[in-house]
Each structure stands twice: as structure tokens, then as C-alpha cells.
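The numbers here are math on the coordinates, done by the rules we state, and not lab data. If you're wondering where the values come from, they're calculated on a predicted model, not measured in any experiment. Every residue, glycine as well, gets a Cβ built from its backbone with ideal geometry; the counts of neighbours run over all protein chains shown.
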Amino acid sequence: MLGACSLGAGRRGAEGAAEGAPGGKGGSGTTSGKGRPGGAGTVPGPVPGAGTVAGRLVVRKGAFSPTEGSGVVASRSHPGVIWAIRDGGSSEPGRPRAALYAYRLAGDRVGELAPGRKLRAIPVPGTTNVDWEDVASDDQGNLWIADIGDNACRRGSITLYKVREPDLAASRAQLLGTYRFRYPDPDSGCRGWDAESLFLVGGVPYVITKSGFPAVYRAPRLDPRRTTVLRRVGELASGLTEPVIFPTGADLDADHRRLAVATYATLAIYQASDPSLTGDALVADLVGHAARWTVSLGCLLCPVEQLSMVEGVAFVGGSDLTLLSERHDVWLLPWRAYQR
């Protein structure tokens, strides 16, 4: 969700200061070896609706029909299926806000879940959508819904919902746990921080703030009985040539080797330097070094109508990526397109 509440003390105003500035067309970083995980670099942006899944970024306009699509994550149980959530707001007939939305990727297109049906909404009873911003999965395949948005700087706590991944024919999803957290160091003039990005390592949730200097916070424990204070573990590094600011979504790949972070302007892919790292050490390694690859998604400091409005990112089929935009668009990025 678009908002300007999270620049931090002494950093406010940057989001609007350059309104009307031209959007980026990609940086000057270098790559080594097309299709190989060699050098780091920046990949130019897409031609909407063009290209093939084998070689470049593809944007499918209007493929996600509900309004205000937010986070996405790939299903662990249903091949090709993506789970999406929506921002807070009013529900429409057949399209509740406190729900998981399933759709299926078929190559570089959105296919059918069942004959004649491309989308299914599955309510999550026992939850409230104040401002759902991301959804992630743990190693057991459970889904975690992040009610962490705070555009108005008024929330004293945020909520994570743990949900059993439902069957595609289910009438509702099962809520497994509700966990509330607060920040140890609220943004200046706020009760907390605005955030739109969640990922899990070893069952532990990590939240990235949507700010000019994104910070990473860890849940020190999961206690459904009381509000727990998050622990700050570091700041998110930018790319070699591109800034990574005001992140709107994140996802960790199944091998725990790569972390993807989306903004309206840039998709950044971070890679662990040591495959043996786990837990906090892995997270520190991922976020503490410049992104290995970046992909231009458009402009950041520009009129709203020019923004990509990308809100969610998820790994699919290994190292390929898909993104979801509030403009109803589904983006698909094969690994060969960003590792070239």
C-alpha cells in the first residue's frame, strides 16, 4: 500500500522531495555469463506483456482481478499455485479481505485452477485485516500472514497469523496461531514502523521496515499470550548501483540461499556467501552485503500513476520469481533474465 510514513527520524520528506523525477532504466552494473550465477549487476526493466518465460521479464496486465493485491508466496503443496493476500479495506461480494487468494502460474501466464476458474478466495476465520502486507511460508509449508502495514503511524503493535495451507477446494483456512509484536525503537512521531516485507528462517519471522533506511527485525520468540518486543538485527544493504529503499515485499527461496526484496522501482536478489550459515548468521549475511542482482521495475520518486505498484514477490520453481502489483498485474521473471 502506498504510504509515506516511514522515513525515520531526520529522514522524512525524501519520498516526496523528488516527485516528478524520471524513473530509472537500470544501472551500470556488470554481469558475467548469461544464465550463470557469475557476476552481480542490474537488468533493464520489462516491456509489458512482451517476451517469453525463457529469456526475460514478462508482465501480464490485469491477470489478478481483485483490487489491492499485496503479498504473494508459492504453495508448497500445490505445484504452480500462488497464494496472494490483499491490503486492508472493505470486502466485496465473493472477495473478502481476510482471505487467501489462489491462482496458478502456467509458464509465463496465469492458468486455470479448475476448468473455467482462474482465482479462488478462501477466508481465514479468526483473523482481521487491518493492513495485510505480505505472506510467507515456513519449512513445514504453513503460511504466515503479516498484518504489519502502518501508513498512518498509529499502530502500537503488529500481528502475524500462522495458517495451515488449505486445500484448493476448502471453504476456509485453519488458523494455527496469532502473534503480536511491537518495535523497540518506533519511528519518530510514530508508535511503530510501517512495514510490508516478511520472510522466515528456521521458523523464525523477520520483518523489513518500509523506510529510506530499511531495518530488519526478528521475532525473539512466539508467544500467543502476550505482545513480544521485536529485536533489531541489522539494516538492509542496497544494490551495487541501485538503491533498495521502501521495500514492499520479500521472500526467501526454499534452499535458504537467496532473498528477494521488491520495491516500486527495484527488485533486489541477495545471495548468501556461505551455504552452511543458518538462523541469524544467515540473515546477517544476506542483508549485510550488496544485492547480487537488481532488476529495474520503474521509477520510485515520481507521480503515482507512473509507479509499478509492485507489492509482493515470491520464488517459484527454484530461482524464478513472480511479482504482484496493486495494478492487477502479475510479473514473471525467470532466473536466466536476472543472472545474465
Legend entry - Paired Rg and Dmax values of the stretch 207-330, which use every Cα atom, in angstrom: 14.9, 44
Inset, instruction - Please provide three numbers in whole Å: the alpha-carbon extents of the stretch 138-215 along the principal axes, with the largest listed first. - result: 45, 25, 18
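Hey, can you rank 189-197, 259-267 by average C-beta count inside 10 Å, highest first?
On the way: 189-197: 23.2, 259-267: 27.6.
Listed from highest to lowest mean packing, they are 259-267, 189-197.
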Inset, instruction - Quick one: grab Rg to one decimal and Dmax as a whole number for the stretch 21-338, Cα atoms only, in Å. - result: 18.1, 52
Legend entry - Burial ordering of T127, T294, fewest other beta-carbon atoms within 10 Å first: T127, T294
Legend entry - the stretch 207-274: C-alpha pair distances exceeding 14 Å, %: 63 percent
